[in-house]
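All of the numbers you see were taken from the coordinates with simple rules; none came from a lab. Values in this document were obtained by computation on a predicted structure and should not be read as measured data. Please note: Cβ atoms are built from the backbone with ideal geometry, for glycine as well, and neighbour counts cover all protein chains shown.
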Amino acid sequence: MRKSRGFEGELIIEVPKMAVTNCEELPLIRSLFISRMGFYPKALHHYYQRPAGISQVILLYCTDGKGWIRIEDENINMQAGELFVIPTGIPHSYGADAKNPWSIYWFHLNGSQGNDAAYAIMGSENQPFRAVQVGFSDERNVVFKQIATTFLKGYSAANLLLANLSLPYYLSTFIAPEHFSHNNNITPQINATDRAVKFMQDNLSHAITLDNIAQSAHLSISFFSRKFKQDTGYAPIEYFNHLRIQKACQLLHFSDLRINEVASRIGIDDPFYFSRLFKQQMGVSPVHYRKNKGTDVH
């Protein structure tokens with residue numbers, strides 16, 4: 001990937017290795033689930049080349065600007081309102097237009113039905129690759145945000161199910177775009193757990209305590225801890241550490257900060273502890289993650 005400092009307003013969600021393993025064991029989603037997702041607005045210099053393809057299906061949805069994809073020795077231009085899905089193991093490269101760079105929503109999809117989903121959207125396996133015109137939909141964007149928000153709340157079995165069971169609905173907006181409206185107003189209900197998660201997200205650079213988090217939810221520590229684990233599947237501090245590592249993934253992916261600087265940005269003064277925590281959640285060290293982000297990852 002050429003761009004190293006990120007795109008203003010970008011989003012990237014790395015599903016931890018432990019959570020991916022859990023997805024593989026959950027009957028309702030193991031055949032099709034998300035391993036990575038994100039949004040890159042006005043992604044100038046965005047570029048990837050994968051000579052052997054990868055083991056996940058890649059979905060690219062362009063909502064603004066232009067880009068290109070090279071696949072099977074063919075150059076395909078993409079513009080706003082178009083979608084392209086790359087099946088597993090297909091050599092490819094793609095990038096943003098130099099003068100009018102694309103804004104893209106993207107997913108990496110795992111599971112035995114990944115390619116089935118790709119061909120359901122793009123056409124049969126025997127058809128030539130092409131960009132598919134799918135237009136725009138507020139409803140589609142709402143579903144994307146719901147999936148992302150669910151992952152950002154943690155990786156309990158309930159959250160993994162909710163996020164990934166929303167995926168087929170999201171994909172259906174591409175398969176039958178004419179059935180989806182352009183207006184969808186949703187007013188979320190804010191409860192104690194939501195307040196606590198918002199507090200955590202706003203304080204990722206600080207070493208906050210369980211007492212701090214409970215106070216943000218206006219509950220006693222004991223009652224809050226029980227309710228939070230019931231709602232999310234995680235103890236509050238464990239959950240906070242998941243959010244920290246998620247932020248660290250973004251910093252490693254989008255910035256040139258040194259490892260100790262990344263640790264400091266998420267409120268961890270000890271880089272060795274940070275490395276242990278990162279590897280525990282992501283399955284690789286921060287150094288390995290950064291070194292390999294442009295090969296077999298998005």
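Worth pointing out:
- Assigned charges on the beta-carbon of Lys, Arg, Asp, Glu; the chain dipole about Cα centre (debye): 700
- In segment 32-107, the GluC sites (Glu not before Pro) that fall in loop regions by DSSP, at most 10 other Cβ within 10 Å: Glu72
- Taking only the Cα atoms of segment 192-291, the radius of gyration and Dmax are 14.1, 43 Å.
- Charge dipole (debye, nearest 20) of segment 78-212; +1 at Cβ of Lys and Arg, -1 at Cβ of Asp and Glu: 160
- Treating each Cα of the chain as an identical point scatterer and summing with the Debye formula, the log10 of I(q)/I(0) at q = 0.12 Å⁻¹ comes to -0.82.
- Working note: Debye formula, equal point scatterers on the alpha-carbon atoms of segment 60-156, no solvent; log10 I(q)/I(0) at q = 0.15, 0.17 Å⁻¹ is -0.67, -0.85.
- Cut-off 14 Å between beta-carbons: net charge of the residues surrounding Gly111, Lys and Arg +1, Asp and Glu -1: -1
- Of the trypsin sites (Lys or Arg not before Pro) found in segment 207-264, those that fall in a DSSP loop while having at most 11 other beta-carbon atoms within 10 Å are Arg258.
- Applying the Karplus relation 6.51 cos²θ - 1.76 cosθ + 1.60 with θ = phi - 60° to segment 59-65 yields 3J(HN,Hα) values of 10, 10, 10, 8, 10, 6, x Hz, where x marks Gly and Pro.
- Listed residue pairs exceeding 24 Å between alpha carbons, taken from Lys145/Lys291; Lys66/Lys198; Lys17/Lys227; Lys99/Lys145; Lys247/Lys291: Lys145/Lys291; Lys66/Lys198; Lys17/Lys227; Lys99/Lys145
- Three semi-axes describe the equivalent ellipsoid of segment 141-260; taken as square roots of 5 times the Cα gyration tensor eigenvalues and ordered largest first, they are 29, 20, 13 Å.
- The angle separating the long axis of helix 271-282 from the principal Cα axis of greatest extent in the chain is about 60 degrees.
- For segment 11-179, Kirkwood radius (reciprocal of mean inverse C-alpha pair distance, Å): 16.1
- Rounded to 10°, Cα long-axis angle of helix 138-152 versus longest principal axis of the chain: 40
- In order along segment 246-253, the Karplus-derived 3J(HN,Hα) couplings, from 6.51 cos²θ - 1.76 cosθ + 1.60 at θ = phi - 60°, round to 4, 5, 4, 4, 5, 5, 5, 7 Hz, and Gly and Pro are given as x.
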